[in-house]
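FYI, it's all coordinate maths here, none of it is from the lab. Model, not experiment: these values are computed from the prediction. We place every Cβ from the backbone using ideal geometry, glycine too, and count neighbours over all the protein chains shown.
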Amino acid sequence: MPDTQWPRYEVFKQDSPKKRHTSVGTVHAPDAEMALLNARDVFVRRPSAVSIWVVPATAVFTITAEEMELNPNWHKLVTEEVPAKTYYIFAKQSQRRSMTYVEHVGEVEAKTAVQAIQKASQNRDFAPDDVFVWWAVPAAAVTRSEDDDIASMFAPAQDKTYRQQSYYGFVDPLRKSGK
Amino acid sequence: MNPTVQTALLHKLLALADDELILSHRNAEWIGHGPILEEDIAIGNIAQDELGHATVWYGLYCELTGDDPDALVFLREPADFRNVQMMELPKGDWAFTMLRQYLFDAYEVVMLAALQASTYQPLAEAVAKIRNEEIYHYRHTTAWIRRLGLGTEESQCRLQNALDELWPFAQQLFVPLPDEVVLVEEGIVAETADLHTNWQNLVIPHLTDSGLTIPSDDTPIANHRSQHTSHLTHLLNDMQLVARLDAAAKW
């Protein structure tokens, strides 16, 4: 069956100015601007956030540590070669939290995504711990929320109390009545 | 506050609250039926925000009267509601829903900007909280109008049909309440005519740039908020059904 959904965008959320942008999931959207709005509605309604980035899923190059190990020639993988440009590097260094997939660890200048990951993987400044997964994304493919957006996109969520459905105790009276 | 001013203020607060409540209910009807999951969540979010804003306006009203907001919402008769007719119209297709929300968002953006300067402090304070959410709604619906208007022949046709239908309804937002002039004199609310001009300056260029033709007749569909379509009765039957089963029940 053909995919009738809109294109997929990867979403990265930053919870405070000192924290890194972390992958939180994906949204479908017809274009980058709508992806940014959809990302806000899906991922930042309740938790706090100060910034989100969206990237077309097709612009992400990803490789796992296992793939690198199994294919020692991975750095010869052919990807689109373009004039040297900036890549955002993301890495997954922890298995602890289910929500933590990859987080932004820095930027490199490179001709291809493979070369960008090669450079980053050779430099411990990017990821001091073992890396399970690397992502490289051309900086030009990233659409960002602006500082001016904080008040309308993110601040309202801070006043909203999140309650599990168990907060609303409407089941108990029925149980008590023995029905 | 003198009694004449307070009465006028209560009329205004009820109009503000009822607009948000009824629109929220119509938008909530999309939950589970949105065109795509992300939009389903977005429209639910907007509906919830508008309900939150209604709660703020009902709160200010009840502070002055001692009424119970739940009773106002769930036990009032259709004829006593003071929302404009635009809010009670059935949700229609996605173009209709987005356009109604857009026309209302633009109204709220200009209205709330003016209310920030209200001499009635509780009103000015409430606005600060509501305004940020409205700016986001406005951005969301502005983006949708452009895409539907400049999208396909079908999307443009549906949006134009919605505009032709909604235009006279939207004008009712700018019909002053019978005693609103009292509030304008006190600096509590802004002149409706000024809001209308600001609103037109926002929506007409955007609708035109989105490939739409602005209907020539801008006579408001109704001149008093006590006049309703039969859609409101159906909506309230649905919304009030459970509460009215046992009005004294404790929740």
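GNM remark for chain A: springs join alpha carbons under 10 Å apart, and the peak mean-square fluctuation among A:114, A:50, A:42 falls on A:42. With a 10 Å cut-off around each Cβ of B:130-142, the average count of Cβ atoms from other chains is 4. Sites counted here are chymotrypsin sites (Phe, Trp or Tyr not before Pro) in a DSSP loop (not H, G, I, E or B) having no more than 12 other Cβ atoms within 10 Å; the longest part of chain A that contains none of them is A:1-161.
Computed about its Cα centre, the charge dipole of the protein assembly as shown is approximately 1580 debye, with only Lys, Arg, Asp and Glu carrying charge at their Cβ. Among the GluC sites (Glu not before Pro) found in segment A:27-123, those both in a DSSP coil and sparsely packed, with 14 or fewer other Cβ atoms within 10 Å of their Cβ, are A:80, A:81. Projecting the Cα atoms of A:137, A:153, A:110 onto the charge dipole of segment A:102-171, computed from C-beta unit charges around the Cα centre, puts A:137 farthest toward the positive end.
The local environment of residue B:125, defined by Cβ-Cβ distances under 14 Å, has a net charge of 0 under the rule Lys, Arg +1 and Asp, Glu -1.
Of the trypsin sites (Lys or Arg not before Pro) found in segment A:60-105, those that fall in a DSSP loop while having at most 16 other beta-carbon atoms within 10 Å are A:96, A:97. Once you order the gyration tensor axes a ≥ b ≥ c over the Cα atoms, which shape class does chain B get: rounded for a/c under 1.5, otherwise prolate or oblate by comparing a/b with b/c? The shape class here is oblate. When B:87, B:1, A:34 are sorted by how many other C-beta atoms sit within 10 angstrom of their C-beta, beginning with the fewest, the order is B:1, A:34, B:87. When the C-alpha to C-alpha distance is required to be over 32 Å, the pairs from A:13/B:129; B:129/B:250; A:85/B:129; A:18/A:76; A:85/A:160; A:19/A:119 that qualify are A:85/B:129; A:18/A:76; A:85/A:160. Straight Cα distances below 12 angstrom link residue B:12 to the aspartates and glutamates B:179, B:180, with same-chain residues fewer than 8 positions distant left out.
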